Amino acid sequence: MRCITNMTSLLSLYLPPSTFLSKPSLFTRHTCTVSPLPFLSTRTTKLAMARCNGGPSNSVRSLSGGRLDAQDRSMDVMGCNGQIHIIVGPMFSGKTTELLRRVQSELSNGRNVAVVKSDKDNRYGLSSIVTHDGAKMACLALSELSSFREQFGTEAYDKLDVIGIDEAQFFEDLYGFCCNAADRDGKTVIVAGLDGDYMRKKFGSVLDIIPIADTVTKLTARCEMCGQRAFFTLRKTTETQTELIGGADKYMPVCRQHYVNGQIVVEATRIVLDVEQSATVHA
Ligand SMILES: Nc1ncnc2c1ncn2[C@@H]1O[C@H](COP(=O)(O)OP(=O)(O)O)[C@@H](O)[C@H]1O
Ligand SMILES: Cc1cn([C@H]2C[C@H](O)[C@@H](COP(=O)(O)O)O2)c(=O)[nH]c1=O
Ligand SMILES: [Zn+2]
């Protein structure tokens, strides 16, 4: 990807050196405001921006000698119409349900859609994503998103309009994938995942993509203890690793009060178990 960082190098791509050298500074001496570049058409400026955004490689190749050739002139600006939408919330808040709803809606609008999930979660097999209510959709299960294009097929990838990603917290390369898919390839990316882990710490790279997102939706579940809105996921077991696949057997959605109370109970249990275990070892 080539990125033009200043106005001088941007202009030099479009104008022969003589023209460029004869132009005065783009900043007026007194006001120091940017001139509207009257000698560049809106279209030309947009093409430059597309290139700045990592526009399609054929548009870069077809530039010759600083002038636009016929292919450039007939080309639409591509690579700028991608979107990124994020759906976060605790477990059982309906993230997968919402992802499936949006994907179905895109499908019924005639768009080409693919759904991918992490292969770390194989509770319901690897070929579909399944909600806690049992709703399903076929998907591709991967360990990393960087292999998506190749696994899906490059030709099929090029025809895709929408990519849904479930269990996004498990993908380390989420940021780079979303950037490329939306900024460079013009895809709509719908990302569903946990914003926080059972300790309420940021989970994976989900929060990192907020600055590049169009929309962020935070869903809530119902607290299993009191029925109020649940913002957090309580781990019911004493296991401490961040990644631990499971459902209602290991986790429950809770409100703030029941998260704090629940954590005290789980941590007290862990201490008792540790003491018992070391007593057994030393006996
Ligand atoms: N404690 C629970 N155990 C099992 N299912 C639940 C529980 N709480 C809610 N659900 C169901 O799970 C659905 C949401 O499932 P899903 O979309 O897979 O959520 P998420 O992807 O956020 O974990 C809810 O509509 C509800 O019917
Ligand atoms: C809180 C928390 C969750 N996980 C795992 C448990 C599940 O396999 C998924 C979340 O699935 P869902 O679609 O959001 O229900 O993530 C984990 O590994 N670590 C955690 O702290
Ligand atoms: Zn509660």
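The values are calculated or read from the model by the stated rules, or taken from the named source; none is laboratory data. Computed from a prediction, not measured in an experiment: that's the story for all the values here. Positions of Cβ are generated from backbone atoms using ideal geometry, with glycine treated the same way; all protein chains shown enter the neighbour counts. With ligands, DNA and RNA removed, areas are computed over all heavy atoms of the protein, side chains included. Shrake-Rupley method; radii C 1.70, N 1.55, O 1.52, S 1.80 Å.
When the convex hull of its Cα atoms is viewed from all sides, region 195-283 shows a mean projected area of 7.2 nm². Among 85, 132, the sequence by solvent-accessible area, most first, with a 1.4 Å probe is 132, 85.
Taking K and R as +1 and D and E as -1, what net charge do the other residues with C-beta under 14 Å from the C-beta of residue 132 add up to?
Summing Lys and Arg as +1 and Asp and Glu as -1 gives -2.
Apolar share of the accessible surface for region 122-259: 47 percent from carbon plus sulfur atoms, 1.4 Å probe. Rolling a 1.4 angstrom probe over the protein heavy atoms with all chains in place gives region 104-160 an accessible area of 59 Å² per residue.
Rolling a 1.4 Å probe over the protein heavy atoms gives region 212-283 an accessible area of 62 Å² per residue.
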